[in-house]
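S.K.: Handing you this structure, nothing more for now.
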Amino acid sequence: MEDGEASFIGRKALLGHGIEKAVAMLLISIPPGEEVIKTIALKAAEKGVKDGAVVSLIGMVLKCAVSTMEKDDATNDIVAEYAQALELSGNGEIREGKVHIHAVLSAEGNQAVSGHLHWATTGNETTNAYIVPLD
């Protein structure tokens with residue numbers, strides 16, 4: 001698969017008592033320099049996915065914005081922006097076409113940042129999102 005493409009990959013899931021069910025998974029490859037959230041939303045929509053589980057997001061970014069909630073006011077997001085190479089791991093959901101990702105990003109010196117991923121620009125490697133459609 002080329003960078004910037006999305007394709008369905010399949011496998012069978014064992015449900016128990018010898019019952020198998022085919023499970024489709026959408027693999028979205030996000031090329032270097034692209035914005036993660038927008039690309040996932042666009043490629044999922046192109047494949048007809050309005051609702052789904054982002055079961056894995058893996059790659060690296062050069063810039064991003066992540067937020068956590070204020071401890072005494074869960075309605076107030078505290079957004080922090082980062083401009084450095086970070087390893088990315090995350091999961092989340094797509095609801096009515098809107099992508100919602102929680103991520104852990106690791107930096108030099110074994111430092112970690114985590115929270116709600118508002119946006120991220122991929123780095124020099126392809127970032128992959130694995131999505132199970134719920135439509």
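The values are calculated or read from the model by the stated rules, or taken from the named source; none is laboratory data. On a predicted model such as this, the values are computed, not experimentally measured, just so you know. Here the Cβ positions follow ideal geometry from the backbone for every residue, glycine too, while neighbour counts run over all protein chains shown. Heads up: the accessible areas ignore ligands, DNA and RNA and are worked out on the full protein's heavy atoms, side chains in. Shrake-Rupley method; radii C 1.70, N 1.55, O 1.52, S 1.80 Å.
S.K.: Heavy-atom accessible area per residue, the stretch 31-96, 1.4 Å probe: how many Å²? Spell out each step's value before the answer.
M.R.: Values: 3900 Å² over 66 residues.
Heavy-atom SASA per residue in the stretch 31-96 reads 59 Å².
S.K.: Once the stretch 70-135 is represented by equal point scatterers at the alpha-carbon sites, with solvent omitted, what log10 I(q)/I(0) does the Debye formula produce at q = 0.13, 0.23 Å⁻¹?
M.R.: -0.45, -1.16
S.K.: If you add up the charges near SER67, with Lys and Arg at +1 and Asp and Glu at -1, over every other residue whose beta carbon is less than 12 angstrom from its beta carbon, what do you get?
M.R.: Local net charge: -3.
S.K.: To check my understanding: the extent here is largest minus smallest coordinate of the Cα atoms along each principal axis. What are those three numbers for the stretch 22-135, in Å, largest first?
M.R.: The Cα atoms of the stretch 22-135 stretch 41, 36, 21 Å along the principal axes, largest first.
S.K.: How do 78-90, 42-54 rank on mean C-beta neighbours within 10 Å, highest first?
M.R.: 42-54, 78-90
S.K.: Amide H neighbours of TRP119 under 5 Å, at least 5 residues apart or on other chains, H built in the peptide plane: list them.
M.R.: Under 5 Å from the amide H of TRP119 lie the amide H atoms of ALA65, each far enough along the sequence or on another chain.
S.K.: Could you give the length gained on full extension between GLU46 and SER67, defined as 0.36 nm per residue of separation minus the Cα-Cα distance, in nm? Intermediate results must be reported in sequence, preceding the final value.
M.R.: Details: separation 21, 0.36 × 21 = 7.56 nm, distance 2.81 nm.
My answer for the length gained is 4.7 nm.
S.K.: Once you treat every alpha carbon in the stretch 30-81 as an equal point and sum by Debye, what is log10 I(q)/I(0) at q = 0.18, 0.20 Å⁻¹?
M.R.: Summing over Cα pairs of the stretch 30-81 leads to -0.81, -0.90.
S.K.: Return the distance in nm (one decimal) between the two label points of a simple spin-label model at ALA74 and ALA112, each offset 7 Å from Cα along Cα→Cβ.
M.R.: Placing both labels 7 Å beyond Cα along the Cβ direction yields 2.2 nm.
S.K.: So for the pair ALA85, SER56, with labels modelled 7 Å out along Cα→Cβ, what separation do we get in nm?
M.R.: For ALA85 paired with SER56, the spin-label model returns 2.3 nm.
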